[in-house]
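The values are calculated or read from the model by the stated rules, or taken from the named source; none is laboratory data. Keep in mind that this is a model prediction, so the values were computed, not measured. Neighbour counts are summed over all protein chains in view; Cβ atoms, including those assigned to glycine, are modelled from backbone coordinates with ideal geometry. Side chains included, ligands, DNA and RNA excluded: accessible areas come from the protein's heavy atoms. Shrake-Rupley method; radii C 1.70, N 1.55, O 1.52, S 1.80 Å.
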Amino acid sequence: IIGAATSGNTKAQIEIAQSNKVPLLTPTGTADDITFKGGKLNDYVFRTCFIDPFQGTVAANFAVNELKAKTAAIFIDSASDYSKGLAASFK
C-alpha cells in the first residue's frame, strides 16, 4: 500500500497492514509512532521521510547555530498534529 500522506491517515491503516502482512509505505507520515510504538516495531510499515522529533531538532539547531538566534516565537496550528509535533521538538 502506498499512502496515506498524513500521519493520522497512516495510523488508521497500520493495524490492517500489520495483521494482513501487507507492506505499507507512507511518503510523508512524520509521527514518530508510525513505525515503532509501545516498544514494538511495526514490521510492515515504512516511511520515506524524517520523523517530527528529528525535523524539529534540526530546525532548532539551525536557528541557534547558523542564525545565532537566542529566542524564538513558535506559532502552532492547534488543529495540525504535524505542527504540534514539530513545535514540541523545536522547543
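List of remarks:
- Taking N as the residue count of the chain, its C-alpha radius of gyration divided by 2.2 N^0.38 Å amounts to 1.24.
- For residue 24, residues with placed amide H under 5 Å, excluding near neighbours: 45, 46
- Carbon and sulfur %, accessible surface of the chain computed with the full protein complex present, 1.4 Å: 61 percent
- Close amide-amide hydrogen proximity is noted between residue 30 and 7, each under 5 Å apart and 5 or more residues distant or on a separate chain (H modeled in the peptide plane; Pro and chain starts excluded).
- Solvent-accessible area per residue, Å², over the chain with all protein chains present [probe radius 1.4 Å]: 68 Å²
- In nm, spacing of pseudo-spin labels at residue 41 and residue 79 (7 Å Cα→C-beta vector): 3.8 nm
- Listed by chain and number, the lysines placed with their C-alpha closer than 29 angstrom to that of residue 68 are 84, 91; residues fewer than eight positions away on the same chain are left out.
- Amide H to amide H, with H built 1.01 Å from N, residue 37 comes under 5 Å of 42, counting only residues 5 or more places away or on other chains.
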